[in-house]
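Written out below as C-alpha cells is the structure these notes cover.
The numbers here are math on the coordinates, done by the rules we state, and not lab data. Model, not experiment: these values are computed from the prediction. Here the Cβ positions follow ideal geometry from the backbone for every residue, glycine too, while neighbour counts run over all protein chains shown.
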Amino acid sequence: MSDEKWTVTFIIHRQKGPDSQPHFDEFTIEIHPEEFVLDGVEYIWAYKDRSLVFRHACHHTTCGACGMRVNGVEKLACMTKIADVTQDGGKIKLEPLRNFPIVGDLVVDLGPLYRKMHEVHAPEVIPLCASPWEGEGIKPPQETPKREDGEEYIRLPDCIECGLCVSACPTAASDAEYLGPAVLAAIHIQGIDENPDLLALADSREGVWRCHSAYECSAVCPSNVDPAWRIMDLRKQIIARRLKFKK
Amino acid sequence: MLSREQQGLNWLLQWFDPRGRSIGGLAFILNRITALGLVLYLYLHLYYLRQLTMGPQVWNAFIDSAENSPWIGIGELFVIAGGLIHGLNGLRIALNSFNIAVPYQKQLFYGLFTLALIGIAFFAVHMFGA
Amino acid sequence: MSKPHAIVIGAGFTGVAIAHDLALRGFEVTVVERGPIANGTSGRTHGLLHSGGRYAVKDQESAIECIEENTILRKIVPDVIEPNGGMFVAVEESDLEYREEFIAGCEACHIPIEEITPQEALRLEPHLNPKVITAFLVPDGTFDPLRLALAFAATAKSNGAVFHLFTDVVGMVLDGNGNVLGVKVWDRANDERYEIRGDIVVNATGAWVGQITKMAHGHVPITPTPGVMVAYGHRFVQRAINRLVRPSDGDIVLPQRRMAVVGTTSFSVDDVDYIPIIRDQVQMMLERGTKLIPELGTAKVRGIYMATRPLIGSSGPGRSISRTFKAYDHKDLDNIDGLVTITGGKATTCRAMAEKTVDIVCEKLGISAPCTTKEVPLISYRRFYVD
Amino acid sequence: MQDATAVPKAGENVWLWLTKIISGLIVFVVLTIHLIVNHYVAPEGLFYYDDVINYFKNPLIPIMEGTFLVFVVIHSSLGLRSIILDRNPTQKVMRVVDTVFVVGGLAVIVYGIWLLVYVAGLG
C-alpha cells in the first residue's frame, strides 16, 4: 500500500437550519485514496470548518448514521473509498439524503423512517436462521452448527435503518406517506401470514402497489436487504392470498 | 418533512432526472415518460378520428395535410417507439410483480430494450426507408 | 420545589446513561452534544459486550465490573445485543502458558467459563483456525454501538430529558469565584449561540474531558489511547473470538450483523478530533486476525476505523492502564463547584459509570434518590425518534 | 418521508393492480395482432377514407379495435391515477379524481364505440 496522498476537493452542501437557503462550500484536502469519504468529512470538520454538521457513529456500516449522497448517489460515507468515487486532483460532491427533513448541512432527520419501522414493529434482533447471510443479496441460509446449549443464535438484522433506500426511491420523492423500501422489507421479513395488520398495511394506499420497479432501493442498499426483491415477493404473496391460492 | 412549498418542483426533478440512476431507475423514467406521451397521443388520436364521421373530403384533406408535414411521420415513430418501450418494459414489470426474475431485472431490461430498439429501427426503415 | 437541573455534556455511552439515570432520579436533564448521538469513541467501539474474561488476570477491578454490567445490560436492553457468548482460544503452544492464570482469574472474578475440546470448538465455529489447542466458552456478546446509546437516550427522553445535538460547548458560565453555573453553547445545525444554566454540569466527554475542564480552569488526568478496528464483509463466527493471551493487539474477532470485526491496537495521540488510519496497524490486524480466523485473509474489507479510549492517568503505555472508570468532583480536585467529570471505563460498564456519577451529583446537591437503572428496562431505541 | 398512518388507507390495492397488469397485457396482445393484421390487410398503410372504410368491413376488426379501446382506457386511467397518487393527494381529491376517471373513461368508451359502429356502418 502506497503512502501517496491525493489532492481532493470536497464540494459540500451547506445549510443552517431547515429554512435557510442552501449553498455549496469547497474544501481541498490531502487524503489517502484508500481512506473513506467519512474520514475526509471528519478531517474537514476537524481542521477546515468547525461549523460543519454531519451524522456518523460506528464508521463500519453497522449503525447506518452516515448515509449521504456522494456524487449524486446514496452511499454510506464510512464504506465509500475515496479511490472509488474520484481521482487524484478530482472532486467529490456531498449532499444530504433526499426525502427527509433537513436538519443542517449533511444532516437529515431520519425520524420518519424510525417511526415507521416502530409502527410495523420491525424486529430489533432476529434469530440467525431467519436471516440468510451468505453471499450478496438474498440466498438460502447456510447451515450453521447448533449452539452448545441447543438455543438459537440471535443477531442484529441486516437493515441498519440508514435511509439510503428511501432517499433513492422515486415514489418516496413525491409521496412522503409511502411506507418505502425499508419498511416494506421489514413487513416482508416478519411475514404477512403471521401479521394480518401488516398484510392490511402492505395492501393499502401506502403499500407495495405504489412501487414503480425502479429498483433504486436495492441498488443503493449497503446491507444486503434487497428491499425491491422483498417488495416483489410481498406482491406475489398478497396476490396469492387475495385470490385464495393460499389460505 | 418538507412542505409542498419548500419542495417546489423537486419531486418532478427526482422523477425524471437520470443522473445517478441505475438501470431500474432509468427504466422507470422511460416508462413514465412513454406513459404520459402515449396517453396524450391516445386522446388526440380519438379526438381526430371524429373527422371520419364528416365524410371522405374532410378526412382525406386531413390525411393530406398530415402527409405533407414531416412532423407527423416523426411523431408516429415516437408513438411506435413509446409503445414498444412501454409495452416491453411493462412485461418486465408484470413478471417481476409475481416475483419472477427480479434478480435478473437488469438483464431483462437490456434484453427487452434491445428488442424495442430493433422494433423501432424496423419501423423507421419501413416508414422512411426507400 | 422545582426539579434540580443537570446539564450533561456529551451523548456518548456515559452521557446518555447519565441522562437516563438522572431522569429516573427526578432531575430535569439537558444533554449537550457537539455531534449526533454516539459520534465519538462510543460509536466507534469494537462492539464487544465484555464478559470480563479479557481483564480477569491483570485488571480484576474492570473484569468484575464487566461481568456484573454484562448481566445487567442483557436484561435491560436485550434488543441491541447479539447474546451469543464468546470463546477464548489457544492457537499456539505458548498460549497455553496463560491458561492457568486465566482459569484462576475468571474464578476470582466470578466469570462463568467452560473449557471445551478443540473438536467441539471447531464444531461450534467451523471457520476457526484448525490448529486450536484448547478453548473456553465465556458469556461475551456483541452490541450495536449507536443503538445501545439510542436506547439509553430514548428512555431518558421519554422521562423528560432534552437533547441538544450538533451543539458545541464553547465556554462555561462561571460565577465570581470560578464556580460553574452553566454552559455557553453553539448550535451548529442552526448557527445559534446561547447559554444554558443548571444546578450541576456533568462532563461526560470521554477522551475530550480535558478540553471541557480547561474551560472551567480545572484539569483531569487522561490518556487518550486510540486503537484501530477493521470490519470484514462476512460473518465468519457467531460469537466473540478472543485469543487466549494477555490483552494484546488484534486478538479479538467479533460477529456483528453480516460482518466480522477485528481489533484492536493501542497507542497514544495528542489530538483526538481526527486520527488518521495507520496502514501498518491495519496490516497487523489482518495478520493477527488470520491467526484466529484464517479466512479473514481473503475477506473483503468493509470498514476501517479508529476509536480513542479515554484511559485514566497521565502516563504509561495504554495496555498497562486500568480499564476502570473514575468520577471526579472538581470541588475536591480544583476547588471548582458545579462541575463533575466522569471518564475512563468501557461501553460495557456505562450504566455503572452513570450510577457512580449520579451518586456524586446527588450527594453534592443533597438529594437522596436511589439508583434504579439496574432494574428499569430501556425502551426501544427507535423511540428516541418517536416522541 | 412522513409518518405512516396506523390505519391502512384505501385507494390502492391488489385488485386495481391486477386490473392494470391484465389490461396492459391485453392491450399488448391486441396491439401486436393489430400490427400483424394491418400488415396483411393494408400493406401500404391505412390512411385514406376508402381504405379505412374497407378495413372495417370485416366484423372482426371493429371487435378488435373496440377491445383495444376499452382496455387501453382502463390501463391508461389506472396508470395516470397511480402517477397522481404519487403526488399524495388528500382522500377527498382522490375521490374527485376517481369520479373523473370513471365518468370520463366511460364517456370516452361510449364515444369510441359509437365511432366504431358508425364507421363500420359506412361500409
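Taken over the protein assembly as shown, the ratio of Cα radius of gyration to 2.2 N^0.38 Å equals 1.11. The Rg/Rh ratio for chain C is 0.98, where Rg is the radius of gyration of the alpha carbons and Rh is the Kirkwood radius. The label point for residue A:121 and the one for residue B:61, both projected 7 Å from the Cα toward the Cβ, are 7.3 nm apart. Backbone amide hydrogens, once placed in the peptide plane, bring residue C:309 within less than 5 Å of C:225, C:227, excluding anything fewer than 5 places away on its chain. Normalising the Debye intensity of region C:333-387 to I(0), with uniform scatterers on Cα atoms only, and taking log10 at q = 0.18, 0.24, 0.29, 0.31 Å⁻¹ returns -0.81, -1.05, -1.15, -1.19. A straight Cα-to-Cα reach below 26 Å connects residue C:157 with the lysines A:16, A:116, C:3, C:75, C:184, C:326, C:346, C:356, C:364, C:374, residues fewer than 8 places away in its own chain not being considered. Normalised by the number of residues in region A:136-205, the mean separation of alpha-carbon contacts (under 8 Å, six or more apart) gives a relative contact order of 18 percent. Just how far, in whole angstrom, is region A:213-237 from region C:1-50 if you go by their alpha carbon centroids? The two parts, judged by their Cα centres, are 36 Å apart.
Set the Cα radius of gyration of region A:1-112 against 2.2 N^0.38 Å, with N its number of residues, and you get 1.01. Pairs of Cα atoms nearer than 8 Å and 6+ residues apart set the relative contact order; for region C:144-280 it is 16 percent. Over all other residues within a Cβ to Cβ distance under 9 Å of residue A:188, the charged ones net out to 0, with Lys and Arg as +1 and Asp and Glu as -1. Within 10 Å of the Cβ of each residue in A:169-182, the mean number of Cβ atoms contributed by other protein chains is 6.
Please grab the % of Cα pairs in chain D that end up more than 20 Å from each other. Percent of Cα pairs beyond 20 Å in chain D: 55. All other residues whose Cβ lies under 13 angstrom from that of residue A:230 are scored, Lys and Arg at +1 and Asp and Glu at -1, for a net of -1. Compute the angle between helix B:23-49 and the longest alpha-carbon principal axis of chain B, please, reported from 0 to 90 degrees and rounded to the nearest 10. With rounding to tens, the tilt is 20 degrees.
With contacts taken as Cα pairs under 8 Å and at least 6 residues apart, region A:84-204 reaches a relative contact order of 24 percent. Listed by chain and number, the aspartates and glutamates placed with their C-alpha closer than 16 angstrom to that of residue C:331 are C:175, C:199, C:359, C:363; residues fewer than eight positions away on the same chain are left out. Remark: mean inter-chain Cβ contacts per residue of D:13-19 equal 6, using a 10 Å Cβ-Cβ cutoff to other protein chain atoms. Counted over all Cα-Cα pairs of region B:22-128, pairs farther apart than 18 Å make up 58 percent. Per residue, the convex hull spanned by the Cα atoms of region A:108-247 amounts to 123 cubic angstrom. Charge dipole (Cα centre; +1 on Lys/Arg Cβ, -1 on Asp/Glu Cβ; no other charges) of region A:111-242 amounts to roughly 480 debye.
Return A:26, D:65, C:125, C:295 ranked ascending by Cβ neighbour count within 10 Å, so the fewest neighbours appear first.
A:26, C:295, D:65, C:125
Residue exposure proxy: D:28, C:267, C:143, ordered by other Cβ atoms within 10 angstrom of their Cβ from fewest to most, comes out as C:267, D:28, C:143.
What does the extension gain come out to for residue C:211 and residue C:374, with contour length at 0.36 nm per residue minus their alpha carbon separation?
55.6 nm
Straight-line reach from residue C:291: taking Cα to Cα under 18 Å and skipping same-chain neighbours fewer than 8 places apart, the lysines in range are C:131, C:300. Think of each Lys and Arg Cβ as +1 and each Asp and Glu Cβ as -1; about the Cα centre, that makes the dipole of region C:101-254 roughly 260 debye. The distance from the alpha carbon centre of region C:233-257 to that of region B:59-121 is 55 Å, rounded to a whole number. Within the shell defined by Cβ-Cβ distances under 12 Å, the residues around residue A:32 carry a net charge of -4, with Lys and Arg each +1 and Asp and Glu each -1. Each of C:205, C:172, C:281 was placed along the dipole of chain C (beta-carbon charges, centred on the mean Cα), and the one lying farthest toward the positive end is C:281.
Projecting the Cα positions of C:362, B:109, A:224 onto the charge dipole of the protein assembly as shown (unit charges on Cβ atoms of Lys, Arg, Asp and Glu, taken about the Cα centre) puts B:109 furthest along the positive direction. Relative protection proxy for C:111-121, C:231-241, from highest mean packing down: C:231-241, C:111-121 (other beta-carbon atoms within 10 angstrom).
Compare the peptides B:106-118, C:6-18 by average per-residue count of other Cβ atoms within 10 angstrom and give them in order, highest first. Spell out each step's value before the answer.
Numbers: B:106-118: 15.6, C:6-18: 31.0.
Result, highest mean first: C:6-18, B:106-118.
When each of B:38, B:9, B:88 is scored by the number of other beta-carbon atoms lying within 10 Å, the sequence from fewest to most is B:9, B:88, B:38.
For the residues of C:78-87, the average number of beta carbons from a partner chain within 10 Å of their own beta carbon is 4.
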